[in-house]
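Report on one structure; see the data block that follows.
Just so you know, all these numbers are worked out from the coordinates, no wet-lab data involved. This one's a predicted model, so the numbers in the text were calculated from it and none came from an experiment. Don't worry about glycine lacking a Cβ; one is built from the backbone with ideal geometry, like all the others, and counts go over all protein chains shown.
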Amino acid sequence: MAANPIKPLVVIVGPTASGKTGLAIDVARQFGGEIICADSRTIYKGMNIGTAKPTAEERQAVPHWGLDLVEPGEQFSAADFKRYATEKIREIRSRGRVPLLVGGSGLYIDAVLFDYEFGAPSDARQRAKLDEMSIDQLQEYCTKNNIPLPENENNKRYVIRAIEQKNINTKRRTTPIDDCIIVGITTNRDILRARIKDRIEQIFDDGVVEEATLLGKKYGWESEAMTGNVYRIVRSYLQGSLSLAQSIEKNTTLDWRLAKRQLTWFRRNRFIHWVELSEAKNYLFAHLANE
């Protein structure tokens with residue numbers, strides 16, 4: 001038996017507001033882990049409340065990676081995330097600690113799990129054509145060509161990237177990388193929708209209107225990073241076209257749609273062990289205690 005056996009990669013996936021972060025922190029604290037956030041929204045600096053980043057207390061309790069990587073508007077692709085996360089997994093293991101890959105961005109997760117080989121950068125002529133299309137035209141193009149819409153289907157840059165990557169991500173493993181445990185959080189629909197609404201209300205209580213106002217002034221409301229559900233809705237609220245109650249309700253609906261898209265993506269992965277949040281902790285604790 002090796003003196004220092006490799007630590008398994010723990011992968012925790014699930015829809016927004018399913019309880020992934022809390023579970024990951026419990027596991028990391030018990031087994032000496034560090035968390036890599038796989039979320040295409042929390043990569044942005046300054047977008048803390050609206051993207052529901054782990055709190056300062058949570059980050060103090062357990063090291064978190066994958067947060068605040070780029071300024072809003074800067075390019076950061078799934079290929080960039082794969083390189084970043086793969087290196088962090090190696091670093092965490094080199095410290096004798098357990099890496100946890102946690103999030104709801106399916107492409108980010110799969111790029112690591114199935115070792116995607118990304119192709120060359122996008123073709124400039126195709127990119128120019130796509131840039132000229134409206135978000136509605138791009139979404140229609142995806143529907144007609146059987147291209148899954150990204151997590152933020154209203155972000156033009158993300159939709160263009162999904163179109164460009166349709167013929168790029170052809171080289172990948174058919175099974176996950178070695179030494180990993182993959183858990184998906186399954187939640188009753190009514191409970192999940194209630195959790196989503198509770199979180200949206202908390203986001204507004206925590207000051208997302210003030211955060212969005214500052215971000216809008218700094219980066220411009222037309223910045224693609226500002227097209228995330230809550231920031232777009234806050235803009236409508238500030239313009240007076242939505243009341244606070246309407247803003248919360250609309251954001252709840254949009255995040256519910258996001259949750260369904262995330263589940264549709266993850267359900268394609270037959271290697272995920274689906275378990276309710278109340279059972280997930282025991283499941284992971286039992287597996288890691290035997291490592």
State the volume of the convex hull built on the alpha-carbon positions of region 168-254, expressed per residue in Å³ and rounded to an integer.
183 Å³
Mind scanning Lys156/Lys218; Lys20/Lys171; Lys53/Lys144; Lys82/Lys260; Lys88/Lys171 and naming the pairs with a C-alpha gap bigger than 26 Å?
Lys20/Lys171; Lys53/Lys144
Helix-only mean residue ellipticity at 222 nm for the chain, each DSSP H run of n ≥ 4 adding -39500 (n - 2.57), per residue, nearest 500:
-16000 deg cm²/dmol
Shape category assigned to region 140-291 from the gyration tensor of Cα positions, a/c cut at 1.5:
oblate
Inter-part distance where region 65-95 and region 30-57 are each reduced to a Cα centre, Å:
12 Å
Convex hull volume of the chain per residue (C-alpha atoms, cubic angstrom):
138 Å³
Based only on other Cβ atoms within 10 Å, what is the fewest-to-most ordering of Tyr231, Tyr158?
Tyr158, Tyr231
Of Val98, Val275, how do they rank once you tally other Cβ atoms within 10 Å and put the fewest first?
Val275, Val98
